[in-house]
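**Student:** Pasting in a structure now, in structure tokens, and then I'll have a few things to ask.
The values are calculated or read from the model by the stated rules, or taken from the named source; none is laboratory data. Worth saying up front: this structure is predicted, and the values here are computed from it rather than measured. Quick reminder, even Gly has a Cβ in these numbers, built from the backbone with ideal geometry, and neighbours come from all protein chains shown.
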Amino acid sequence: MASLSLWFLADQARFRREREALVELANRTDWLNLGPCRFDAGCMVVDCDIDIGHQVYQAVLRFPETFPHSPPSIRPRDGQGRWSIHQFGDGGDLCLEYRPDNWSPELMAWQMVESAYRLLQGENPAPNEHARVASAHRTTEGQRLRAAFSRLPLTRALEERLSQLLPGVGVRGSSVLYLTEDNVVRFITGLDFPDEDPWVDPDVPSMLRSETWKARVYVRRLVAHESLPSTACYAEFSAGSEPLGWQATDQLLVVMKDDAIHAYQTFDDYVAPVSVIRAAPVASRLSDEHRLLADKHVAVLGCGSMGSKIATMLARAGVKKFDLVDDDILGADNLVRHDLDWREVGQHKVMALANRIRRVRPGADVRVRTQQLAGQESSRSSETILSRLAECDLIIDATANPAAGNILSGFAQTTHIPLLWAEVFGGGVGGLIARHRPGIEPPVPLMRRAIENWFADRGIAPELQVETYERTGDEAPMVADDADVTTIAANTTRMAIDALLGRDPSYFPWSVYVMGLSPCDLFAQPFETHPIALPEPPPAVAETVLTEEEVGEEISFLQRVLAGPTELT
């Protein structure tokens, strides 16, 4: 493992230039006095006194171990004192013109010292006189919340609803609390406005209500003369909050004053402020055409590693309606590459995946079937599955099961529903992605034959390469890691989105791709991709057309069946 070398030994010429430049700065100015150079906690430091005329600041210039790739720092030598508003806490580093976000190795330590002088002299131009200097420092929300234990994210829907609350009006509602080792995160899930039906936040996944603690919340917009409650102690908080309408059973208080939103949590005789996280401005992270996906209905058969990733990606892309089919249980060993985690171990994969989709895409409509399409199930079970698939805009076969593939190929041809399938090769050396659009590609059996011929032409038997990577029973599972499966799943999802949007022309000029992930007999290098040419679709077979007399006979027969049992002859 590589380690950092001592920069002053590794680059002695740089060390010499740094020393000489500091001495030169002290010689040409009357405000800098250099002290000794020494080691402190493994770092090279230089004591220096910065004299702004009416006050001397005893500072220390510290070279980090990563110098010159990160900047030196200047702070109070005794580690105490608030010298500037541009300082990281009491006794902390000064925030200077050169910082980690704009530092370049060509800059030198003397420039940091000079910047510190300008800051201190600019803020303190004369005894007992203070001024502000321009600041380029911008605190990120992550920095602001770094030490915040209790947090309250607000959704856009909630902020819109709160903006309608008039001054002096308070409402109660419900919230949920999600507890981790590092944080308590609360979400307001609903509010009870007077003379209205209860309002439920559509942006908060309904799953959170059953997976988290529940707590009452009271929300009020203050009028001009009302003050924020004190959090010095519970008694003071209670005395200041009760006149606002808060009750001791309200574990979360949210008050709005002007444009600011403040929150407080209580438990027994404990009270503490809660950090409010405002909703980010609307900024679309998807293209406009992705909005069309909200009206699409996708079936995913096989909710293992491949199917779980594809379904989750499609939900993130905007799809809101799913049918999931699989009878398998999530085991701990599946976590090597499955999109679910330990919270779902022991559950049916379809059930757990449905919940994951609802967490990713609040309001998603997900139906599940804990069955196999080609398993040892009743005929009615298969009929139910197929009847649901007939409602979909796209079917994705992630089973790597030839029996299921055969059923789906004929079903897709009959219903004219596009079908995609994907497989990972043994050892994770690559994978295959295929698309069938009725009327554009040839029937699936012809496509599979073209794929087999492609492998045969290269002397590789597809039955040895293209196999399910998650087997059941006594067979050993196929070896493939999460990156292998994710790569194939991601590209399958891109083709699925292309099919759902009906792009013409398609972004994908070929309908079958073989993608390499590792060097092997088939691929010289990773990401080597081969399209497979398909034969032209066969000419349409003319349908049998009945005569008017024959049509009449069929209608008559159906009428007799509706009236009661009827012999076939």
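**Student:** Which condition breaks for Ala109 when tested against (1) outside the structural domain of Arg17 (by TED's automatic domain parsing); (2) crowded, with 16+ Cβ neighbours inside 10 Å?
**Tutor:** Every listed condition holds for Ala109 apart from (1).
**Student:** Which count do you get for residues in region 299-323 that are outside any loop (DSSP other than H, G, I, E, B), farther than 25 Å from Phe425 by Cβ and not basic (Lys, Arg)?
**Tutor:** Residues in region 299-323 being outside any loop (DSSP other than H, G, I, E, B), farther than 25 Å from Phe425 by Cβ and not basic (Lys, Arg): 4 in total.
**Student:** So which of Glu536, Glu549, Glu554 is of a type in the set (Asp, Glu), part of a loop (DSSP other than H, G, I, E, B) and out of contact with any helix residue (DSSP H, G or I) (no Cβ under 9 Å at 6 or more places or on another chain)?
**Tutor:** After applying the criteria, what remains is Glu536.
**Student:** Of the residues Ala279, Ala232, which single one is out of contact with any helix residue (DSSP H, G or I) (no Cβ under 8 Å at 6 or more places or on another chain), more than 30 Å from Leu389 (Cβ to Cβ) and either in a loop (DSSP other than H, G, I, E, B) or at pLDDT below 95 (or both)?
**Tutor:** On inspection, the qualifying residue turns out to be Ala232.
**Student:** Out of the residues in region 35-68 meeting the condition of being of a type in the set (Asp, Glu) and part of a strand (DSSP E or B), tell me which one is surrounded by the fewest Cβ atoms within 10 Å (Cβ to Cβ).
**Tutor:** Only one residue tops the list, namely Asp40.
**Student:** Taking the stated definitions as given, is Asp258 surrounded by fewer than 14 Cβ atoms within 10 Å (Cβ to Cβ), in the same structural domain as Ser163 (by TED's automatic domain parsing) and under 15 Å from Leu162 (Cα atoms)?
**Tutor:** yes
**Student:** If you don't mind, there's one more thing I want to ask. Would you pick out the residues in region 142-168 that are of a type outside the set (D, E, K, R), more than 21 Å from Val271 (Cβ to Cβ) and in the same structural domain as Glu226 (by TED's automatic domain parsing)?
**Tutor:** Selection gives Thr155, Ala157, Leu158, Leu162, Ser163, Gln164, Leu165, Leu166, Pro167, Gly168.
**Student:** Name the one entry in Leu228, Leu222 that is in contact (Cβ under 8 Å) with a residue 40 or more places away in the chain and either hydroxyl-bearing (Ser, Thr, Tyr) or not assigned by TED's automatic domain parsing to the domain that holds Arg316 (or both).
**Tutor:** Of the residues listed, the single one that is in contact (Cβ under 8 Å) with a residue 40 or more places away in the chain and either hydroxyl-bearing (Ser, Thr, Tyr) or not assigned by TED's automatic domain parsing to the domain that holds Arg316 (or both) is Leu222.
Residue by residue, here is whether (1) over 40 Å from the mean Cα position of the chain (by Cα); (2) within 30 Å of Asp11 (Cα to Cα); (3) touching a residue at least 60 places away in the same chain (Cβ under 8 Å) holds:
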residue: Asp101; (1), (2), (3): no, yes, no
residue: Leu107; (1), (2), (3): no, yes, no
residue: Met112; (1), (2), (3): no, yes, no
residue: Arg118; (1), (2), (3): yes, yes, no
residue: Glu123; (1), (2), (3): yes, no, no
residue: Pro127; (1), (2), (3): yes, no, yes
residue: Val133; (1), (2), (3): no, no, no
residue: Arg138; (1), (2), (3): no, no, no
residue: Arg156; (1), (2), (3): no, no, yes
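**Student:** Right, here's the next one. So is Arg16 over 30 Å from Arg132 (Cβ atoms) and among the basic types (Lys, Arg) or not?
**Tutor:** The answer is yes for Arg16.
**Student:** Further question on the same structure: Among the residues in region 231-240, are any among the aliphatic types (A, V, I, L, M) and within 36 Å of the chain's Cα centre (by Cα)?
**Tutor:** Within region 231-240, none of the residues are among the aliphatic types (A, V, I, L, M) and within 36 Å of the chain's Cα centre (by Cα).
**Student:** When you look at Glu344, is it within 28 Å of Phe411 (Cβ to Cβ) and among the acidic types (Asp, Glu), yes or no?
**Tutor:** So Glu344 fails the test.
**Student:** Also, quick follow-up: So which residues in region 158-186 are out of contact with any Lys or Arg (no Cβ under 6 Å at 6 or more places or on another chain), crowded, with 17+ Cβ neighbours inside 10 Å and closer than 26 Å to Glu226 by Cβ?
**Tutor:** Leu158, Arg161, Leu162, Val171, Arg172, Gly173, Ser174, Arg186 - these are the residues of region 158-186 that are out of contact with any Lys or Arg (no Cβ under 6 Å at 6 or more places or on another chain), crowded, with 17+ Cβ neighbours inside 10 Å and closer than 26 Å to Glu226 by Cβ.
**Student:** For residues that are out of contact with any Ser or Thr (no Cβ under 7 Å at 6 or more places or on another chain) and in a strand (DSSP E or B), tally how many sit in region 254-276.
**Tutor:** Total meeting the criteria: 12.
Every residue, every condition in (1) at pLDDT below 95; (2) surrounded by 12 or more Cβ atoms within 10 Å (Cβ to Cβ), yes or no:
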residue: Ile433; (1), (2): no, yes
residue: Pro445; (1), (2): yes, yes
residue: Arg448; (1), (2): yes, yes
residue: Ala461; (1), (2): yes, no
residue: Gln465; (1), (2): yes, yes
residue: Pro477; (1), (2): yes, yes
residue: Thr487; (1), (2): no, yes
residue: Thr493; (1), (2): no, yes
residue: Ile497; (1), (2): no, yes
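**Student:** With under 30 Å from Gln55 (Cα atoms), surrounded by fewer than 17 Cβ atoms within 10 Å (Cβ to Cβ) and not acidic (Asp, Glu) as the only criterion, which of Gly142, Gly122 stands out?
**Tutor:** Gly122
**Student:** Sticking with this structure for a sec: Quick check on my filter: what residues within region 264-293 are surrounded by 11 or more Cβ atoms within 10 Å (Cβ to Cβ), out of contact with any Leu (no Cβ under 8 Å at 6 or more places or on another chain), under 21 Å from Phe187 (Cβ atoms) and of a type outside the set (Val, Ile, Thr)?
**Tutor:** Ala272, Pro273 - these are the residues of region 264-293 that are surrounded by 11 or more Cβ atoms within 10 Å (Cβ to Cβ), out of contact with any Leu (no Cβ under 8 Å at 6 or more places or on another chain), under 21 Å from Phe187 (Cβ atoms) and of a type outside the set (Val, Ile, Thr).
**Student:** Further question on the same structure: Between Ala533, Ala524, which is in contact with a strand residue (DSSP E or B) (Cβ under 9 Å, 6 or more places away or on another chain) and touching a residue at least 60 places away in the same chain (Cβ under 8 Å)?
**Tutor:** The unique qualifying residue is Ala533.
Listed here are the residues, each with its yes/no results for (1) in contact with a Cys (Cβ under 7 Å, 6 or more places away or on another chain); (2) hydrophobic (A, V, I, L, M, F, W, C); (3) assigned by TED's automatic domain parsing to the domain that holds Ala480; (4) modelled with pLDDT under 95.
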{"site": "Met313", "(1), (2), (3), (4)": "no, yes, yes, no"}
{"site": "Val325", "(1), (2), (3), (4)": "no, yes, yes, no"}
{"site": "Arg343", "(1), (2), (3), (4)": "no, no, yes, yes"}
{"site": "Arg359", "(1), (2), (3), (4)": "no, no, yes, yes"}
{"site": "Pro362", "(1), (2), (3), (4)": "no, no, yes, yes"}
{"site": "Ala374", "(1), (2), (3), (4)": "no, yes, yes, yes"}
{"site": "Ser379", "(1), (2), (3), (4)": "no, no, yes, yes"}
{"site": "Leu386", "(1), (2), (3), (4)": "no, yes, yes, yes"}
{"site": "Leu389", "(1), (2), (3), (4)": "no, yes, yes, yes"}
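**Student:** Of all residues in region 390-403 being touching a residue at least 24 places away in the same chain (Cβ under 8 Å) and surrounded by fewer than 21 Cβ atoms within 10 Å (Cβ to Cβ), which is farthest from Ala499 (Cα to Cα)?
**Tutor:** The selected residue is Ala403.
**Student:** Taking helices (runs of 4 or more DSSP H) that do not extend beyond region 98-194, which have at least 2 residues that are farther than 30 Å from Leu25 by Cα?
**Tutor:** 141-144, 156-162
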